[in-house]
1. With the crude spin-label approximation of a point 7 Å out along Cα→Cβ, what separation in nm comes out for residue 53 versus residue 82?
2. Could you grab the relative contact order for segment 6-51? Cα pairs under 8 Å, six or more apart, rounded to a whole percent.
């Protein structure tokens, strides 16, 4: 994935989270039932405002990594196999 695709993905996710935060805030401010609690999921303002704000903040503060998205699929699979095999090899040498 090249730089422009990465920035497009990041921008689209940023836009989506911003819209979810705005809609959740409007729901909590305008709909009295949205300020309450649900037996199924708990306190509604947390899920309508708090969690989307936390997700949006984390996206803005810690952007998506570029290295993992740029690595070819074959190299990612090979790196994953190596990382899984390494801890077993260390344990067998120590014993």
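Values quoted throughout were computed directly from the atomic coordinates according to the rules given, and no laboratory measurement underlies them. Computed from a prediction, not measured in an experiment: that's the story for all the values here. A quick note on method: Cβ atoms are made from the backbone with ideal geometry, for glycine too, and the neighbour counts reach across all protein chains shown.
1. Each label point is offset 7 Å from its Cα along the Cβ direction, giving 4.3 nm.
2. Relative contact order comes out at 31 percent.
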